[in-house]
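The values are calculated or read from the model by the stated rules, or taken from the named source; none is laboratory data. Small disclaimer: the values here were computed from a predicted structure and weren't measured. So basically every Cβ, Gly included, is an ideal-geometry build from the backbone, and we count neighbours across all protein chains shown. Accessible surface is based on the protein model in full, side chains and every heavy atom, while ligands, DNA and RNA are left aside. Shrake-Rupley method; radii C 1.70, N 1.55, O 1.52, S 1.80 Å.
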Amino acid sequence: MTSTYIKTKPERCCMTEDESNSEGLMERQTTGEDRVRMVARQLSEPQTANWIASEAGWSHEPTKRVLERLVDDGILHRDESGTHTTYYPDYRRQAMQEAMRLRDSGHTVEELTDRLANMKTQIRDWEDEFGVESPNQLRGTLADESLDGGEEDRRREIAREWEHLQRRIQIVGFAIREWDFLAPTTELAEASS
(Lines give C-alpha, C1' and ligand atoms only; values in the text may rest on other atoms or scores of the structure.)
Protein backbone atom coordinates (compact mmCIF):
# COMPACT_ATOMS: atom_id res chain seq x y z
CA MET A 1 0.00 0.00 0.00
CA THR A 2 1.37 3.40 -0.95
CA SER A 3 0.70 6.34 1.31
CA THR A 4 0.82 9.94 0.21
CA TYR A 5 2.37 12.37 2.63
CA ILE A 6 1.00 15.87 2.50
CA LYS A 7 2.82 18.51 4.53
CA THR A 8 0.49 20.32 6.87
CA LYS A 9 1.04 22.30 10.01
CA PRO A 10 2.99 20.11 12.49
CA GLU A 11 0.74 17.39 13.92
CA ARG A 12 -2.24 19.64 14.65
CA CYS A 13 -4.42 16.66 15.58
CA CYS A 14 -2.31 15.95 18.63
CA MET A 15 -1.18 19.40 19.71
CA THR A 16 -2.50 21.11 22.78
CA GLU A 17 -4.09 24.51 22.48
CA ASP A 18 -0.90 26.02 23.94
CA GLU A 19 1.20 24.45 21.18
CA SER A 20 -1.12 25.42 18.35
CA ASN A 21 -1.28 29.00 19.64
CA SER A 22 2.49 29.34 20.07
CA GLU A 23 3.00 30.29 16.43
CA GLY A 24 0.54 33.14 16.86
CA LEU A 25 2.23 34.19 20.08
CA MET A 26 5.54 34.59 18.29
CA GLU A 27 3.87 36.95 15.81
CA ARG A 28 2.10 39.04 18.47
CA GLN A 29 3.70 41.80 20.49
CA THR A 30 6.11 39.98 22.78
CA THR A 31 9.33 41.02 24.39
CA GLY A 32 12.62 39.51 23.34
CA GLU A 33 12.80 37.74 26.68
CA ASP A 34 9.34 36.23 26.16
CA ARG A 35 10.36 34.95 22.74
CA VAL A 36 13.61 33.44 24.08
CA ARG A 37 11.65 31.67 26.84
CA MET A 38 9.14 30.30 24.30
CA VAL A 39 11.87 29.05 21.96
CA ALA A 40 13.90 27.54 24.82
CA ARG A 41 10.93 25.66 26.26
CA GLN A 42 10.09 24.12 22.90
CA LEU A 43 13.59 22.79 22.12
CA SER A 44 13.62 19.14 21.13
CA GLU A 45 17.43 18.99 21.00
CA PRO A 46 20.27 21.04 22.52
CA GLN A 47 20.91 24.35 20.74
CA THR A 48 23.41 27.20 21.04
CA ALA A 49 22.57 30.66 22.31
CA ASN A 50 23.12 31.98 18.78
CA TRP A 51 20.57 29.55 17.33
CA ILE A 52 18.02 30.40 20.04
CA ALA A 53 18.64 34.15 19.55
CA SER A 54 18.07 33.77 15.81
CA GLU A 55 14.82 31.81 16.32
CA ALA A 56 13.62 34.37 18.86
CA GLY A 57 14.62 37.32 16.69
CA TRP A 58 16.72 38.87 19.44
CA SER A 59 20.41 39.67 19.89
CA HIS A 60 22.95 37.25 21.35
CA GLU A 61 23.97 38.88 24.65
CA PRO A 62 20.47 39.47 26.09
CA THR A 63 19.46 35.99 24.88
CA LYS A 64 22.42 34.48 26.73
CA ARG A 65 21.48 36.35 29.94
CA VAL A 66 17.91 34.98 29.74
CA LEU A 67 19.21 31.47 29.07
CA GLU A 68 21.53 31.66 32.10
CA ARG A 69 18.61 32.75 34.30
CA LEU A 70 16.60 29.78 32.99
CA VAL A 71 19.53 27.50 33.88
CA ASP A 72 19.71 29.04 37.37
CA ASP A 73 15.95 28.45 37.78
CA GLY A 74 16.30 24.78 36.77
CA ILE A 75 14.16 25.19 33.64
CA LEU A 76 17.07 24.64 31.22
CA HIS A 77 20.30 22.67 31.35
CA ARG A 78 23.62 23.89 29.97
CA ASP A 79 26.08 21.54 28.27
CA GLU A 80 29.65 22.79 27.87
CA SER A 81 31.17 19.47 26.82
CA GLY A 82 31.18 20.18 23.07
CA THR A 83 32.72 22.84 20.88
CA HIS A 84 29.90 25.26 21.71
CA THR A 85 27.79 25.63 24.83
CA THR A 86 24.28 24.34 24.25
CA TYR A 87 21.04 24.67 26.18
CA TYR A 88 18.17 22.23 26.47
CA PRO A 89 15.08 21.86 28.65
CA ASP A 90 14.56 19.24 31.31
CA TYR A 91 12.83 16.75 29.03
CA ARG A 92 11.28 14.88 31.96
CA ARG A 93 9.69 18.06 33.30
CA GLN A 94 8.64 19.03 29.79
CA ALA A 95 7.01 15.61 29.19
CA MET A 96 5.21 15.69 32.54
CA GLN A 97 3.86 19.19 31.89
CA GLU A 98 2.72 18.18 28.42
CA ALA A 99 1.01 15.06 29.80
CA MET A 100 -0.79 17.23 32.37
CA ARG A 101 -1.86 19.66 29.61
CA LEU A 102 -3.24 16.74 27.61
CA ARG A 103 -5.11 15.47 30.68
CA ASP A 104 -6.54 18.93 31.39
CA SER A 105 -7.36 19.74 27.75
CA GLY A 106 -10.92 18.46 27.87
CA HIS A 107 -10.19 15.49 25.62
CA THR A 108 -11.30 12.08 26.75
CA VAL A 109 -8.91 9.19 27.22
CA GLU A 110 -10.64 7.54 24.24
CA GLU A 111 -9.88 10.55 22.01
CA LEU A 112 -6.23 10.47 23.04
CA THR A 113 -6.14 6.74 22.41
CA ASP A 114 -7.48 7.36 18.88
CA ARG A 115 -4.79 10.01 18.32
CA LEU A 116 -2.13 7.62 19.54
CA ALA A 117 -3.37 4.95 17.11
CA ASN A 118 -3.38 7.48 14.23
CA MET A 119 0.23 8.49 14.94
CA LYS A 120 1.35 4.85 15.06
CA THR A 121 -0.52 4.12 11.81
CA GLN A 122 1.24 7.03 10.11
CA ILE A 123 4.64 5.68 11.15
CA ARG A 124 3.73 2.16 9.94
CA ASP A 125 2.65 3.67 6.60
CA TRP A 126 6.06 5.34 6.23
CA GLU A 127 7.83 2.10 7.17
CA ASP A 128 5.86 0.28 4.46
CA GLU A 129 6.23 3.00 1.84
CA PHE A 130 10.01 3.34 2.19
CA GLY A 131 10.95 -0.12 3.48
CA VAL A 132 12.73 1.35 6.50
CA GLU A 133 12.30 1.12 10.28
CA SER A 134 13.50 4.52 11.52
CA PRO A 135 13.84 8.17 10.56
CA ASN A 136 17.61 7.77 10.16
CA GLN A 137 17.17 4.79 7.84
CA LEU A 138 14.85 7.00 5.79
CA ARG A 139 17.53 9.70 5.70
CA GLY A 140 19.93 7.01 4.48
CA THR A 141 17.76 6.52 1.39
CA LEU A 142 18.81 10.00 0.24
CA ALA A 143 21.98 8.37 -1.10
CA ASP A 144 19.84 6.90 -3.89
CA GLU A 145 20.97 8.90 -6.92
CA SER A 146 17.70 8.33 -8.77
CA LEU A 147 15.82 10.62 -6.35
CA ASP A 148 15.08 14.14 -7.54
CA GLY A 149 15.43 17.18 -5.29
CA GLY A 150 11.72 17.29 -4.47
CA GLU A 151 11.69 13.68 -3.29
CA GLU A 152 14.84 14.25 -1.22
CA ASP A 153 13.18 17.25 0.49
CA ARG A 154 10.01 15.22 1.07
CA ARG A 155 11.97 12.40 2.72
CA ARG A 156 13.89 14.82 4.93
CA GLU A 157 10.62 16.42 6.06
CA ILE A 158 9.03 13.03 6.70
CA ALA A 159 12.07 11.99 8.79
CA ARG A 160 11.67 15.13 10.93
CA GLU A 161 7.92 14.55 11.29
CA TRP A 162 8.57 10.87 12.13
CA GLU A 163 10.89 11.89 15.00
CA HIS A 164 8.27 14.37 16.19
CA LEU A 165 5.60 11.66 16.17
CA GLN A 166 7.86 9.28 18.11
CA ARG A 167 8.18 11.90 20.86
CA ARG A 168 4.43 12.60 20.80
CA ILE A 169 3.65 8.88 21.03
CA GLN A 170 5.70 8.62 24.22
CA ILE A 171 3.99 11.63 25.81
CA VAL A 172 0.45 10.72 24.73
CA GLY A 173 1.04 7.11 25.82
CA PHE A 174 2.24 8.33 29.23
CA ALA A 175 -0.83 10.59 29.58
CA ILE A 176 -3.12 7.65 28.79
CA ARG A 177 -1.29 5.23 31.15
CA GLU A 178 -1.30 7.77 33.97
CA TRP A 179 -4.75 9.26 33.25
CA ASP A 180 -6.02 8.86 36.81
CA PHE A 181 -2.76 10.02 38.41
CA LEU A 182 -2.69 13.16 36.23
CA ALA A 183 -6.23 14.17 37.15
CA PRO A 184 -6.45 17.70 38.55
CA THR A 185 -6.56 17.72 42.35
CA THR A 186 -10.18 18.92 42.29
CA GLU A 187 -11.21 15.76 40.38
CA LEU A 188 -9.31 13.57 42.86
CA ALA A 189 -11.04 15.30 45.81
CA GLU A 190 -14.47 14.84 44.19
CA ALA A 191 -13.80 11.16 43.46
CA SER A 192 -12.81 10.41 47.05
CA SER A 193 -15.89 12.14 48.58
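List of remarks:
- Probe 1.4 Å, protein heavy atoms only - accessible area per residue of region 71-157 in square angstrom: 61
- Here region 142-185 is treated as an ellipsoid with the same Cα gyration tensor; its semi-axes, largest first and in whole Å, are 39, 8, 5.
- Distance (nanometres) between label positions extended 7 Å along Cα→Cβ at Trp179 and Arg160: 3.4
- In sequence order, region 125-138 has phi-based couplings of 4, 5, 4, 5, 4, 9, x, 10, 10, 7, x, 5, 5, 5 Hz under the Karplus curve 6.51 cos²θ - 1.76 cosθ + 1.60, θ = phi - 60°, and Gly or Pro positions carry x.
- Alpha carbon convex hull of region 70-167, volume per residue in cubic angstrom: 154
- 13 Å beta-carbon shell around Leu147, net charge (K/R +1, D/E -1): -2
- Each of Met119, Met96 has its accessible area taken with a 1.4 Å probe; listed largest first, they run Met96, Met119.
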